[in-house]
Amino acid sequence: MEQAGQKNILIVEDEAVLRKTLQYNLEKEGYAVETASEGYEALERFEKRSFDLILLDVMLPGLSGFELCQIIRRQDRALPIILLTARRDELDKVAGLDLGADDYVTKPFSLRELMARIRAALRRSAAMAEADTVARAEPAAAGPDAARAAAAAAGVAPVTATGAGRAGGPVLEVAGDLVLDVSRHEARIGRQALTTSRKEFDLLRLLAASSGAVVTRQLAMEKVWGYDFPGDDRTLDVHIAWLRQKLAKAGATARITTVRGVGYRLDAEAPPKDETRA
Ligand code: CA
């Protein structure tokens, strides 16, 4: 029975034992849970009601988790989706696709870690929803202050306007030809729009705000995913891989450099010949 304020989670998993274990533990934590054992059933449930989070197995009968994730993301840009992947090579495949998932857990995983990730994802999504409401409610104040307030509400690192700093103007982060309009949550390469998921945008913004300094893995996990626990984690690398693909595809001069053992850095890399771009 669903109670007020209770979060609804959809578990999509074809392995019955794992599905039931997850359901039992999530219900014990106070979540309202629905389950589906194959892709089309999951889609039907998703279309019937709204969920606060989806736990999505990748290898499913019917529609695959890959396909489902893309379909769901097209309809709801903000809904947190955590993918359950069976193996490392599956995770590599995930990295090669633009699915728009928020997080990944590789089986076998500890329930404790999964619960922490679920809590972090729900916290972030609630903060983002609140930031959106604030931004919509105060369009007149949609300048740096409103953006900063929204960012603070979302727990995102405060960002200094390095672009057009005029009062009431857009809050911009710039790295080479990459321009991030923080108040509108839009990324551009020159004049070309760069489509990013929320997590990708937050990550790009964190990197851009560091103006060429290294962002440690720990800081990125804390700021973008709201994690407060350690762990070997490839979610960050997967998102970096997507961003690199997108930047390369858009012909960006800005580049994400791996600093081995530490984290990542965004380099502006000024265009060598065509200085008129951007
Ligand atoms: Ca499966």
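Observations on the structure shown:
- For region 19-89, the list of trypsin sites (Lys or Arg not before Pro) that fall in a loop by DSSP and count at most 11 other C-beta atoms within 10 angstrom reads 49, 77.
- With Rh defined as the Kirkwood radius, the inverse of the mean 1/r over Cα pairs, the Rg/Rh of region 8-109 is 0.93.
- For region 173-221: relative contact order, % (alpha-carbon pairs under 8 angstrom, 6 or more apart): 27 percent
- Relative contact order of region 1-121, defined on C-alpha pairs under 8 angstrom at six or more residues apart (%): 21 percent
- Neighbour cut-off at most 14 other Cβ (10 Å), DSSP loop, trypsin sites (Lys or Arg not before Pro), region 186-262: 191, 260
Laboratory data are not the source of any read-out in this text; all were calculated from the coordinates shown. Here the structure is a predicted model, which is why all the values come from computation and not from measurement. Here Cβ is always computed from backbone atoms with ideal geometry, including for glycine, and neighbour counts include all displayed protein chains.
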